[in-house]
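The values are calculated or read from the model by the stated rules, or taken from the named source; none is laboratory data. Keep in mind that what you see is a predicted model, and the values were worked out from it rather than measured. Don't worry about glycine lacking a Cβ; one is built from the backbone with ideal geometry, like all the others, and counts go over all protein chains shown. Note: areas computed on protein heavy atoms with side chains; ligands, DNA, RNA excluded. Shrake-Rupley method; radii C 1.70, N 1.55, O 1.52, S 1.80 Å.
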Amino acid sequence: MTSLPAKQLEQAAALRSRPWPAGFLWGSATAAAQIEGAGHEDGKEDSIWDAFARVPGAVVNGDTPEVAVDHYHRMPEDVALMKSLGLGSYRFSTSWARIKPGDRTVNQAGLDFYSRLVDELLGAGILPWLTLYHWDLPQAVEEQGGWASRDTAHRFRDYADTVYGALGDRVQHWTTFNEPFCSSLLSYAAGIHAPGRISREDALAAVHHQHLGHGLAAGALRELGAGNVGITLNLSNAIPADLTDEADLDAARRFDALQNRIYLEPLLLGRYPEDFLHDVAGLGFEQLVHDGDLAAISAPLDFLGVNYYHDDNVSGHPLPEGDPGFAAATDREVASPFVGSEHITFPTRGLPRTGMDWEINPDGLRHLLTRLGAEYPDLPPLYVTENGAAYDDEITAGGRIHDVERTQFVLDHVGSVADAIAEGADVRGYFLWSLLDNYEWAWGYGKRFGMVHVDYETLVRTVKDSGLVYSSLIRNALTGA
Ligand code: FCB
């Protein structure tokens, strides 16, 4: 630890002494398709990501999740690593295509893997935090309509039942979906995530059917006895570029609906936002919503997971000449036409950026966490279920990874969580994305988010400086040192 920058060590020490609530969970997160590998082993069949990765040009470098970081075979070693880092909780997802290949019959070998993982975690004193859907629909279900089909919501409920039947005696925390914004709009309208469809109608159907899947699964899990059921959303502050400009205000309103309110309102208030319904009038959205759906969707949540990487400066005008804009904006521009023909652009604020080209604004996390409580009075407890940064890492001759920028990103964002708590936000945990470098979806293996480096030739794991600092921070914060 002596070679870590003194300023970062001081910042970590100061963070340790912030008043973290009793029982605050310090964890790290991964997702099945990004780490497991064993893409077609022990009965697992294609998920939409296996199929999407085979589409020429869909994934950078043609990278596939077939081997990923081989967590399927190295699970005990990875759990030992988590223990050595002092993690209190581990957020992982189960693969539907492993547990019910093709969504036909249950694959016992698939369930057994997760059962062993849960036992290993509990044996190491680490709380399992399970997500049922982190974007990897069985390809066979996609071929029968995917999330554009209402039937998929019912299939998802049955899959949730199966997983609970095998793990419900040991897993207490159940998350239905991870980031439905990405698995509906970016996957079915923007086409940049699997299954890569570009259809406004399909995307709108995916939005509602994933909500319905959440409601049905949450209801089933509760009936079976689950005590802690929630969902994870990736939320953003939609900041109008110019508060006096009508076009910017309207673009921010539309973007806020797409990124935040079409998830938050059905879940927390039992309705879709009026302005969104108006924007999509004529696309058949309201016909998708059957009697009783919103009641199922809005059954009280035990927690809300919030993923935060960046927030957004939104304009209703074309980008000014020479403004590179915000890279993630291109994804959104493709998705935005279904709320009108006007522009939604993201002019740069000139902030530093991560290796994903995402602008860094740690205070945006404080703002988001406090704003949620103000805007939704019945908000359940919050957990930051993902936050982290990709950078190009270099391993030194001595086998160290001095990822100063990632370390700074983590310290600043953890500080922002502490600030939110100090302002009254009910935040009960923080999960760093990610435990390991992994398959970053359409960006393949080129983007490294891990606090642990993975050599993709040898699959050797090496803790980065960010992991060492995070570990020291959470151990001492936990013990109150
Ligand atoms: C989130 C995803 C996660 C990972 C991070 C970088 O949107 O939930 O799987 O890809 O971004």
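Odds and ends about this structure:
- The helices (runs of 4 or more DSSP H) found wholly in segment 190-279 and carrying at least 1 residues that are within 16 Å of the ligand (Cβ to nearest atom) occupy 200-224, 262-269.
- Evaluation of ALA247 against (1) closer than 22 Å to ASN387 by Cβ; (2) open to solvent by 10 Å² or more (accessible area, probe 1.4 Å) (one fails), failing number: (1)
- Just one of the numbered conditions (1) more than 16 Å from the ligand (Cβ to nearest atom); (2) open to solvent by 10 Å² or more (accessible area, probe 1.4 Å) is not true of LEU121: (2).
- Note on segment 141-157: among residues that are touching a residue at least 60 places away in the same chain (Cβ under 8 Å) and open to solvent by 20 Å² or more (accessible area, probe 1.4 Å), the one that is nearest to the ligand (Cβ to nearest atom) is GLU142.
- Residue within segment 75-98 that is farther than 30 Å from ALA418 by Cα, more than 16 Å from the ligand (Cβ to nearest atom) and surrounded by fewer than 18 Cβ atoms within 10 Å (Cβ to Cβ) present: yes
- Picking from residues in segment 417-452 that are more than 20 Å from the chain's Cα centre (by Cα) and not small (Gly, Ala, Ser), the one that is least open to solvent (accessible area, probe 1.4 Å) is ILE421.
- GLY23 vs. criteria in contact (Cβ under 8 Å) with a residue 60 or more places away in the chain and under 22 Å from ASN476 (Cβ atoms): yes
- Answer residue from segment 371-397, given it is in contact with a Lys or Arg (Cβ under 7 Å, 6 or more places away or on another chain) and either assigned to a helix (DSSP H, G or I) or of a type in the set (Phe, Trp, Tyr) (or both) and is nearest to the ligand (Cβ to nearest atom) among those: TYR391
- Residues being closer than 15 Å to ASP112 by Cβ and basic (Lys, Arg) - total across segment 149-173: 1
- Once segment 254-277 is narrowed to residues that are touching a residue at least 60 places away in the same chain (Cβ under 8 Å) and under 18 Å from GLU179 (Cα atoms), the residue that is surrounded by the most Cβ atoms within 10 Å (Cβ to Cβ) is PHE255.
- If you go through segment 60-74 and keep only what is out of contact with any Phe, Trp or Tyr (no Cβ under 7 Å at 6 or more places or on another chain) and either open to solvent by less than 20 Å² (accessible area, probe 1.4 Å) or among the aromatic types (Phe, Trp, Tyr) (or both), you end up with VAL69, HIS71.
- Put simply, of ARG400, ARG406 the only residue that is at pLDDT 95 or above, more than 26 Å from THR175 (Cα to Cα) and in a helix (DSSP H, G or I) is ARG406.
- Against the numbered list (1) at pLDDT 95 or above; (2) of a type in the set (D, E, K, R); (3) away from the ligand (no atom under 16 Å from the Cβ); (4) under 25 Å from TRP443 (Cα atoms), ASP363 comes up short only at (4).
- Selected residue (criterion: nearest to LEU216 (Cα to Cα)) from residues of segment 278-294 that are loosely packed, with under 11 Cβ neighbours inside 10 Å and among the small types (Gly, Ala, Ser): GLY292
- Criterion violated by GLY196 - all others in (1) touching a strand residue (DSSP E or B) at 6+ places or on another chain (Cβ under 6 Å); (2) more than 30 Å from GLY168 (Cβ to Cβ); (3) in contact (Cβ under 8 Å) with a residue 60 or more places away in the chain satisfied: (1)
- LEU111 vs. criteria hydrophobic (A, V, I, L, M, F, W, C), in a helix (DSSP H, G or I) and touching a residue at least 60 places away in the same chain (Cβ under 8 Å): no
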